[in-house]
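The values are calculated or read from the model by the stated rules, or taken from the named source; none is laboratory data. If you're wondering where the values come from, they're calculated on a predicted model, not measured in any experiment. Methodologically, a virtual Cβ is constructed for each residue, glycine included, from the backbone with ideal geometry; neighbour enumeration extends over all protein chains shown. Side chains are part of the model used for accessible areas, which takes the heavy atoms of the whole protein and leaves out ligands, DNA and RNA. Shrake-Rupley method; radii C 1.70, N 1.55, O 1.52, S 1.80 Å.
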Amino acid sequence: MRSMESDRSKILKGAIYKKYLMDIRNRGTYMRIVLFYSGIESFNYFTDQLVQELHLRGHETFILDIRNPSAEDPHSYVNFAQFIEKRVDAAITFDGFGLKEDLFIELWNEQDTVTVNIELDPPLRFHPTLLKHPRNYIQLCCDRNHVSYVKKYFSESVEHVEFMPHAGTFMPDANVIPFAKRKYDILFSGTYYRPQEQMCKIDAWFPKGELMNDFYREMAVYMQQHSKITTEQAALDTIARMNLKVTDDLLRSIFRGSEPMDWMIRMYHRGRVIQTLAEAGFELWLLGRGWENHTSAQFSNVHRIDDRIPFAQTLPYMADAKISLNVMP
């Protein structure tokens, strides 16, 4: 393991790194690849990073902005139509953008394009895409539990699903700040919403007093008491606790309706972590929306950096923090 890390560090430096990339490009197979911009700014940043690497490896790429910019925009549908006049070998996207719509499904099937969907959120949010997608479909999940979920509940419609961890951004020219000189003791980069706001969505879907309203409220309490279980396991346990009989289709519907629970428990634990550290007197720096709604806003040792900034601009803050903290799904 140590030798692998040592070799990797050598590769990622200076001329050796550049030669390594050129060798890959010379050995690789040329492909034409489509990627996508969407309304999610962080996904667009990841797309740019992928394109940069694909170009270094000698591939041709086109980024389609599915927000439908003007015809003069380099990422417009007009330019996309010209690009796909020749066969597209692969389409790569995040959370299904550019793969799940009927227009794209028909297009990628016609061109026999390999489509790669990198899901950055729990698959219970993406049941429609799991059931309906292009023929040559590969799904990559950032959590092994997500892979198990897809294999267990969607094995008939998703043939290829694999684990791929989150990547990092390599910045060879960045200056490494000595630990003792870093500005932020503890940095939390992420949004915050009141957990009860998610329960309002349940009330909108199922009136109070109905079985499913009671079910999700029971599930919410159970998740707060058992922090080590997944959202889908909490649903299964709640079904057992309430002695309910459900079909496979109804079970998948219950999972799909658990999206507010997924958000609720994430915000619940984010709130607890920040509250505990604030009360203990640690210097906290918050970067993200919604923290004015958290009780820690009144503490003098809790500082707001900004509401929202482009994803790439968060990286220097992380590099200047002694601890970069988050609560993930």
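If you go through the range 160-196 and keep only what is outside any loop (DSSP other than H, G, I, E, B), open to solvent by less than 90 Å² (accessible area, probe 1.4 Å) and either touching a residue at least 60 places away in the same chain (Cβ under 8 Å) or among the hydroxyl-bearing types (Ser, Thr, Tyr) (or both), you end up with Tyr184, Asp185, Ile186, Leu187, Phe188, Ser189, Pro195. Looking only at residues that are part of a helix (DSSP H, G or I), out of contact with any Ser or Thr (no Cβ under 8 Å at 6 or more places or on another chain) and open to solvent by less than 40 Å² (accessible area, probe 1.4 Å) in the range 256-270, which one is nearest to Phe206 (Cα to Cα)? Within the range 256-270, the match that is nearest to Phe206 (Cα to Cα) is Pro260. Of the candidates Lys228, Lys208, the single residue that is surrounded by fewer than 14 Cβ atoms within 10 Å (Cβ to Cβ), over 25 Å from the mean Cα position of the chain (by Cα) and in a loop (DSSP other than H, G, I, E, B) is Lys208. Going by what's in this entry, would Ile274 be described as in contact (Cβ under 8 Å) with a residue 40 or more places away in the chain, farther than 24 Å from Glu41 by Cα, open to solvent by less than 20 Å² (accessible area, probe 1.4 Å) and outside any loop (DSSP other than H, G, I, E, B)? For Ile274, the condition - in contact (Cβ under 8 Å) with a residue 40 or more places away in the chain, farther than 24 Å from Glu41 by Cα, open to solvent by less than 20 Å² (accessible area, probe 1.4 Å) and outside any loop (DSSP other than H, G, I, E, B) - is met.
Testing His59 on (1) open to solvent by 50 Å² or more (accessible area, probe 1.4 Å); (2) touching a strand residue (DSSP E or B) at 6+ places or on another chain (Cβ under 7 Å), one condition comes back false. Which one is that? Of (1) open to solvent by 50 Å² or more (accessible area, probe 1.4 Å); (2) touching a strand residue (DSSP E or B) at 6+ places or on another chain (Cβ under 7 Å), only one is false for His59: (1). Within the range 300-325, the residues that satisfy the criterion of being out of contact with any strand residue (DSSP E or B) (no Cβ under 8 Å at 6 or more places or on another chain), outside any helix (DSSP H, G or I) and either open to solvent by less than 60 Å² (accessible area, probe 1.4 Å) or not basic (Lys, Arg) (or both) are Ser300, Asp307, Pro310.
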